[in-house]
Amino acid sequence: MNSNKKKANRRLKSVGEDRISELPDAIIIHILSLLPSTKLCAKTCVLSKRWQHLWTYVPNITLSQYDFPYNERKNIIKRVVNETLAFHSSSKLNNFSIKISDLQELYPSIESWLQLAVGRAVESLTLEFSGSSTCYLLPQFLYSNSNIRSLTTKFCKFVPDERISWSALKELSIRQSTLTDEDIQNILYGTPLLEDLQLNYCHGIKLLDLSLKPKLKNLVINVKEFYFEGCEFELKIVGPYVETLKLYWTRDNLRCKLMNMSSLVKATLDIEFTDDEDDEDGEDYYQEWFPNMLKELVENVLSAEQLQLANFCTLALSTLRMDVMASLSSNLKSLNVDCHGEEYLCGIERVLQCSPKLEKLDIFFDYEIPSCLDSHLKTIEVSGLIRTRVVVEFLQFLLKNSRVLDKMIFRHYNNNYGLKLAEKWSSFPRSSQQAAFLAPK
């Protein structure tokens, strides 16, 4: 054995050949719990005899159709899930997650899986199904639970025989479900600790009254790709305690009204209108109610400190009265908007005039630069102080896009300050290299 191999062996003996296996079982189990799926956890059983059963004590069961070969899913998913649950030794479950599609024949087995999860005091439950003509009917025993803190469902049907009681639930996400006003009120009454509610592609709710939900701070309504074709969707939201609101949709059969959103801190509105090209009355229908709806929505979120407006919502800014905008946007600190044409700039300018506390302006330009910047604008004159980031970013935008600019003039009663500004701005990137930067006395 040469000297290099001897040194290597001495190093191995000094540090130990398997440092991970020297860790206590509890720490190894915690490390395994960080893996994204039960399938990966189970694979560690081949590492050594000691590791053979450690994965069964991980307090998470996460199984997805993507864990199995596509052609064999129907044949092996039921067997694998049943074997996994049979081997599983943890007396407590932090997370139980099942994500499958096109497997309606598994629905009877799912109830037994849920009974095991509930029996082990599961805290986070995810049931995501898709690709079937029939929603999964949640079992009755699931509607009364004092351990679940987070519940996520997709393509599930809510039909409780009695009042829902989820006394520990804080996060609820429902996707692709039909819910009546009675259903959603039953859910709200039975979740006293609910903080986060997400309704994605849900149909049937006309009134979402959160007046009695002081702990519910985060609300997401997403119907941006509506799955219930031909259905009229009309929703009124009352949310005096909601601090973060996100609304998304792109359909012409959707109407929404916000009421009493007095606690808003952060709001996102992303609304498009996709009228039917074959409908001769589509344009008149749009002109009749859509702009007014957008105007009311924007008015109800202007009191937020952080505001993101996308698509038609940015255009709605130009329809607001200045006095109304000034009274509502006095606390606005961050504004993120889309700009799809020159007609959008008017509304953005009005917000800047009415928002004395604005610190950040983020504009996404999705159209050609205004023609005046491209071929006409030759003089930019700036008076007063340039202190805020908003002003700096706007002036930088002008410099980068004014191709025929001749001069940029800085006027200030303190000429030395004006000269410093002119010198500073002359070093900024610009389209017009012949532009002069001046500070006249």
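Bear in mind that the values in this text are calculations on the coordinates, not laboratory data. What you see is a predicted model; the values in this text were computed from it and never measured. Note: ideal-geometry Cβ built from the backbone for every residue, glycine included; neighbour counts use all protein chains shown.
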How would you order 143-155, 322-334 from highest to lowest mean count of nearby Cβ atoms within 10 Å?
143-155, 322-334
Give me the number: length gained by fully extending Thr180 to Ser146, i.e. 0.36 nm times residue separation minus the C-alpha to C-alpha distance, one decimal in nm.
9.8 nm
If you plug each phi of the stretch 320-329 into the Karplus form 6.51 cos²θ - 1.76 cosθ + 1.60 with θ = phi - 60°, what whole-Hz ³J(HN,Hα) values come out, in order, with x for Gly and Pro?
7, 5, 4, 5, 5, 5, 5, 6, 8, 9
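How long is the gain from Phe364 to Trp51 if the chain were fully straight, where each residue apart is worth 0.36 nm and the alpha carbon distance is subtracted?
Working: separation 313, 0.36 × 313 = 112.68 nm, distance 5.25 nm.
Computed gain between Phe364 and Trp51 is 107.4 nm.
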Given a Förster distance of 56 Å, the FRET efficiency implied by the Cβ-Cβ spacing of Lys407 and Lys157, rounded to the nearest 0.05, works out to 0.25
Simple spin-label estimate for Leu419 and Ala26 in nanometres, 7 Å along Cα-Cβ:
7.2 nm
Per 0.36 nm of contour for each residue apart, how much would the distance between Val265 and Gln433 grow if the chain were fully extended, relative to their Cα-Cα spacing?
56.2 nm
Give me the one-decimal nm value for the distance between modelled label points at Leu137 and Ala168, 7 Å along each residue's Cα-to-Cβ direction.
2.8 nm
Two-site label geometry, Lys400 and Ser89: point separation in nm, points 7 Å out along Cα→Cβ:
5.9 nm
What is the stretch 29-181 by shape, rounded, prolate or oblate, if you read a ≥ b ≥ c off the alpha carbon gyration tensor as root eigenvalues and call it rounded for a/c under 1.5, prolate for a/b larger than b/c, and oblate otherwise?
oblate
Note on the stretch 83-123: alpha-carbon gyration tensor, axes a ≥ b ≥ c; rule is a/c under 1.5 for rounded, else prolate if a/b larger than b/c, else oblate; result prolate
Arg255 long-range amide H proximity, modeled H, under 5 Å:
Phe233, Glu234, Leu235
I'd like the Karplus ³J(HN,Hα) series for the stretch 113-123: coefficients 6.51, -1.76, 1.60, θ = phi - 60°, whole numbers in Hz, and an x wherever there's a Gly or Pro.
5, 5, 4, 5, 4, 5, x, 9, 6, 4, 9
